[in-house]
Amino acid sequence: MMSPIQVYKYIERQLAMGNHQRGLKFIDLLLNEDDCKKRLELYQKKASVLVLLGQETQAVAVLAQAIEEFPSSFELRFQKSLTLMNQGLYLSAQSELDLLDALYPNHPDVYLSRIEIAEWQEAYQKVIELSRHILVYTEEKYDFLMAKSRAHVKLGEFDLAIEALYQAEQEPELTSLSKGLIYSDLGYIYMLKSDYEEAQKMLEMALEYDELDSFAYCNLGYVLAQNGREQEGLDFVNAAMELDAQYSYAFKIRGQIYLLMNKNRLALMDFKLAQKMGYEIDFDEEVNILLKELMQQFN
């Protein structure tokens, strides 16, 4: 008969090999032992496996049971909040996160999740307030500055968004992808401000750091078209489509370039494709508005 330590190692091997059901069976075996030494870790593993199997509701129940045994465990409560968020139960997750913030004030992981929920709620002023608060307490500021910038963009506060991004640029030990995202967002904001010269500069820098950034390809294409280089612009948008053939934003941008070229029927086709691919769900209602305006021209 295996000892509890041997069973624990056996569980880890089974899970590593993808034998999830067998792993769950032995996790329950250990949890039923009165003298089990790793109960908290086993509850976490069981919940994680249930999530992998698509059984999030059962995972939440397991974590709730575990929290009754370990009410002060940050790990269990945070895992429960993430599992609730994965289910789309943001309000329940928010309640758990609020409790965590009371127990463990100013924890960066908690604030990142609270910000994610606020973005889902389109509560952009709250995103700014949460970001501004936690920036005082954390040394790793990049994610919060990026969130703050996104919120300022949604509120039309472009200069404040740019300021947050330049602060993020000063963060130490940024990866190439992180730098690329900063310049991609800067390019997008300058594009919204119709500062196409600065937008082009930033978007070209973004693609130097991340040559797979479809968003940057599209926006650079639009900027070039605004500067009278429509065909080059189309080439960049088509490059984005090669990376992701279902990228609704690329069809919206290409449609706008076709409008600049007075190719309204091609624009109409692209706007319809963008709409079909779920542009409104992924972004906003802009395509619906553009489509309505074009349809009126043809009627």
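Details
- Out of 247, 258, 190, one residue alone is surrounded by fewer than 24 Cβ atoms within 10 Å (Cβ to Cβ), touching a residue at least 12 places away in the same chain (Cβ under 8 Å), over 21 Å from the mean Cα position of the chain (by Cα) and within 23 Å of residue 154 (Cβ to Cβ). It is 190.
- Filtered by the rule that a residue be surrounded by fewer than 18 Cβ atoms within 10 Å (Cβ to Cβ) and not small (Gly, Ala, Ser), segment 147-166 gives 154, 155, 157, 158, 159, 160, 163, 166.
- Meeting the requirement of 3 or more residues that are out of contact with any Ser or Thr (no Cβ under 8 Å at 6 or more places or on another chain) and among the charged types (D, E, K, R), the helices (runs of 4 or more DSSP H) wholly within segment 1-71 are 4-16, 20-31, 39-52.
- Taking first residues from segment 156-179 that are over 14 Å from residue 144 (Cα atoms) and of a type outside the set (Ser, Thr, Tyr) and partners that are assigned to a loop (DSSP other than H, G, I, E, B) and modelled with pLDDT of 95 or more, the Cβ contacts under 8 Å between residues at least 6 apart in sequence or on separate chains come to 158/193; 177/210.
- Yes/no for residue 214 being modelled with pLDDT of 95 or more, surrounded by fewer than 23 Cβ atoms within 10 Å (Cβ to Cβ) and at positive phi: no
- Which listed residue, of 170, 121, 125, is within 30 Å of residue 224 (Cα to Cα), surrounded by fewer than 21 Cβ atoms within 10 Å (Cβ to Cβ) and not aliphatic (A, V, I, L, M): 170
- Top-ranked residue of segment 37-64 - restricted to ones that are in contact (Cβ under 8 Å) with a residue 12 or more places away in the chain and in contact with a Phe, Trp or Tyr (Cβ under 9 Å, 6 or more places away or on another chain), ranked as surrounded by the fewest Cβ atoms within 10 Å (Cβ to Cβ): 37
- Among the candidates 267, 250, the residue that is under 18 Å from residue 217 (Cα atoms) and either of a type outside the set (D, E, K, R) or assigned to a helix (DSSP H, G or I) (or both) is uniquely 250.
- Residue 223 vs. criteria of a type outside the set (Ser, Thr, Tyr), under 25 Å from residue 178 (Cβ atoms) and in contact with a Lys or Arg (Cβ under 6 Å, 6 or more places away or on another chain): no
- Residue within segment 281-292 that is farther than 25 Å from residue 185 by Cβ, out of contact with any Gly (no Cβ under 7 Å at 6 or more places or on another chain) and without any contact (Cβ under 8 Å) to a residue 24 or more places away in the chain present: yes
- Scanning segment 133-147 turns up no residue that is in a helix (DSSP H, G or I), farther than 25 Å from residue 173 by Cβ and charged (D, E, K, R).
- Scope segment 221-243; condition over 22 Å from the mean Cα position of the chain (by Cα), among the hydrophobic types (A, V, I, L, M, F, W, C) and either more than 16 Å from residue 270 (Cβ to Cβ) or not in a helix (DSSP H, G or I) (or both); matching residues: 223, 224
The values are calculated or read from the model by the stated rules, or taken from the named source; none is laboratory data. Everything quoted here is computed from the prediction, not taken from an experiment. All Cβ positions, even for glycine, are placed from backbone atoms using ideal geometry, and neighbour counts span all protein chains on display.
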